[in-house]
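Visitor: This structure is in structure tokens; I'll ask about it shortly.
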Amino acid sequence: MAESELGNRLKALRSDAGLTQAELAALVGVSRKTINTVENEVFTPSTTLALKLARALNAPVETLFFLRA
Amino acid sequence: MPPLKNPARTRRRLMFSLALGLAMLMPSAILLQTGALGANHTTTVLIILAVGLLLAAPGSIGLTVLQLRALRDRSMNQELNDELSTRNSVRAMAVGYVAIAAAAGYTLPLSVFIDMPLAPVLTGVLLSGVLAHVLSFAIFERQGDDG
């Protein structure tokens, strides 16, 4: 269930980067379930975590996260 | 000590153990303290109390050890206290406060009609808050985890 209007392409970009949830979690310093809940739009990450995820996936943060119209 | 594969899951399981132990420990301790039991039921309640202790003690000791290990292990600390866990902790604390308020709110009007000894009532009110906090945190922490 979506918590807000914030959408994300985390799963697609993570798969493109060839990373598992656990590997991405280790890169940004959170637990795997945090990555899982962000991907499923259950949990809205902080700006810091959003920027860390974007950096880890080598993508602009506005590509990773977007607002639904 | 060997590294934990999934410290968040270990913490969640320890919290379930603590919550279950407290749920058994709390009513049996209050019943024994009030002396409201007959001789026939005392043994049964003592057994429940012992089982509750066996569940709660490893839970609380394990959680302490886990937190101490997290103080020395930066990656474990990051995993245990990340954004989601912090949010879950705050939510669980709110649940705990509501439980304390509810328990106190029910016992106060009841005390008008029933003569209740203060010590077990206060213990019960406080422990109900702890139990609600621990149990709700463990439930919130299941979100997004597979096991």
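Every number here is computed from the coordinates shown, using simple stated rules; none is lab data. Small disclaimer: the values here were computed from a predicted structure and weren't measured. Glycine also receives a Cβ, built like all others from the backbone with ideal geometry; neighbour counts cover every protein chain displayed.
Visitor: For the pair residue B:102 and residue A:11, how long in nm is the line joining their label points, each one 7 Å along Cα→Cβ?
Guide: Each label point lies 7 Å from its Cα, and together they span 3.4 nm.
Visitor: Which one, B:84, A:19, A:60, is farthest towards the positive end of the dipole of the protein assembly as shown when Lys and Arg carry +1 and Asp and Glu -1 on their Cβ?
Guide: Among B:84, A:19, A:60, the one farthest towards the positive end of the dipole of the protein assembly as shown is A:19.
Visitor: Next question. Under the 0.36 nm per residue contour assumption, what length would be gained going from the current alpha-carbon distance of residue B:47 and residue B:122 to full extension? Write down the numbers at each step before the final one.
Guide: Working: separation 75, 0.36 × 75 = 27.00 nm, distance 2.34 nm.
Contour length minus the Cα-Cα distance gives 24.7 nm.
Visitor: Here's another thing I want to ask about it. With charges only on Cβ, +1 for K and R and -1 for D and E, what is the dipole size of the range B:76-147 about its Cα centre, in debye, rounded to 20? List each step's numbers first, then the result.
Guide: Working: 3 positive and 7 negative charges, 61 e Å.
Dipole size: approximately 300 debye.
Visitor: About the Cα centre of chain A, what is the dipole size in debye to 20, counting +1 per Lys and Arg Cβ and -1 per Asp and Glu Cβ, all else neutral? Intermediate values should be presented prior to the final figure.
Guide: Working: 8 positive and 7 negative charges, 33 e Å.
Dipole about the Cα centre, nearest 20: 160 debye.
Visitor: Only helical DSSP H runs with n ≥ 4 go in: add -39500 (n - 2.57) per run for chain B, normalise by residue count and round the 222 nm mean residue ellipticity to 500 deg cm²/dmol. List each step's numbers first, then the result.
Guide: On the way: 5 runs with 124 residues, N = 147.
Helix-only estimate at 222 nm: -30000 deg cm²/dmol.
Visitor: Given the convex hull over the Cα atoms of the protein assembly as shown, what projected area results after averaging over all orientations, in nm²?
Guide: Details: hull surface 62.6 nm².
That works out to 15.7 nm².
Visitor: Quick one: dipole size for chain B, taken about the Cα centre, charges +1 on Lys/Arg Cβ and -1 on Asp/Glu Cβ, in debye to the nearest 20. Display every interim value, and only then the final one.
Guide: Values: 11 positive and 8 negative charges, 73 e Å.
With Lys and Arg at +1 and Asp and Glu at -1, about 340 debye.
Visitor: Would you kindly calculate the mean projected area, averaged across all directions, of the convex hull enclosing the Cα atoms of chain B, in square nanometres? Display every interim value, and only then the final one.
Guide: Values: hull surface 41.0 nm².
Convex hull of Cα atoms, orientation-averaged projection: 10.3 nm².
Visitor: Next up: Can you give the local net charge around residue A:17? Use residues other than it whose beta-carbon is closer than 15 angstrom to its beta-carbon, Lys and Arg +1, Asp and Glu -1. Could the numbers behind the result be given before it?
Guide: Working: positive: A:9, A:11, A:14, A:52, A:55; negative: A:16, A:23, A:39.
With Lys, Arg at +1 and Asp, Glu at -1, the neighbours total +2.
Visitor: In whole Å, what is the distance between the alpha-carbon centres of the range B:42-78 and chain A?
Guide: 33
Visitor: Another question about this same structure. Using the beta-carbon distance between residue A:58 and residue B:64 and R0 = 25 Å, what value does 1/(1 + (r/R0)^6) give for FRET efficiency, to the nearest 0.05? Don't jump to the answer; show the numbers that get you there.
Guide: Numbers: r = 40 Å, r/R0 = 1.62.
That pair, residue A:58 with residue B:64, gives E of 0.05.
Visitor: Could you give each residue of the range A:43-48 its phi-based ³J(HN,Hα) in whole Hz, using Karplus coefficients 6.51, -1.76, 1.60 with θ = phi - 60°, and x for Gly or Pro?
Guide: 3J(HN,Hα) across the range A:43-48, in whole Hz: 10, 8, x, 6, 4, 4.
Visitor: If R₀ is 30 angstrom, what is the calculated FRET efficiency for the pair residue B:111 and residue A:47, using the beta carbon separation as r and rounding to 0.05? Could you put the intermediate results ahead of the total?
Guide: Numbers: r = 49 Å, r/R0 = 1.65.
After rounding to 0.05, the efficiency reads 0.05.
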